[in-house]
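Some notes on the structure that comes next.
Any read-out appearing in this document is the output of simple, stated calculations on the displayed coordinates, not a laboratory observation. Everything numeric in this text was worked out from a predicted model, so none of it was measured. For neighbour counting, all protein chains shown are included, and Cβ atoms are generated from backbone atoms with ideal geometry for every residue, glycine included.
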Amino acid sequence: MAAFGPDIAGVVLEVTDDKALPKAERKRLQVEHAAQVSLRAQLVKMADKTCNLRDIVACPPADWSDDRKRVYFEWARSVVDRVRDVNPALGWCLTRRTAGGLEAVGGITNRGAG
């Protein structure tokens, strides 16, 4: 990370999960900490979720059931709900992506989809 300098390295550290923790704990902490990181880290998180959600709809992992996709979309929405107002246009895009993804897998779409 030294090649990118301390500012970028700091943002990367803010959005990087602690792989020593169990997956469920890492996911819980992402929701909990989403609004507590810097503005730049929140924007990175939003951009990352946008790409992940798009990929899961367009080209999901072959071994992911609709239920696993639904759980991911619901979790991603929980993260995004914490940072949505940082960039309203990107927040709107994420709202539409989560709603569209949930609709595609038979999940609930009415929360925050407007």
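For the reader, a short list of remarks on this structure follows.
- Using the Cα coordinates of the chain, the gyration tensor eigenvalues translate into equivalent-ellipsoid semi-axes of 25, 17, 13 Å, sorted from longest to shortest.
- Theoretical gain in end-to-end length, THR50 to ASP17 [0.36 nm per residue, Cα-Cα removed]: 10.1 nm
- Degrees between helix 5-15 axis and first principal axis of the chain (Cα, 0 to 90, nearest 10): 40
- In plain terms, the chain from ILE8 to SER38 could stretch by 9.6 nm, reckoned as 0.36 nm per residue minus the Cα-Cα distance.
- Fewest-first sequence of PHE4, PHE73 by Cβ atoms within 10 Å of each Cβ: PHE4, PHE73
- Principal-axis tilt of helix 66-83 within the chain, Cα atoms, nearest 10 degrees: 50
- Counting only alpha carbon atoms, the long axis of helix 23-33 and the longest principal axis of the chain meet at about 70°.
- Fewest neighbouring Cβ atoms within 10 Å first, the residues LYS27, LYS19 line up as LYS19, LYS27.
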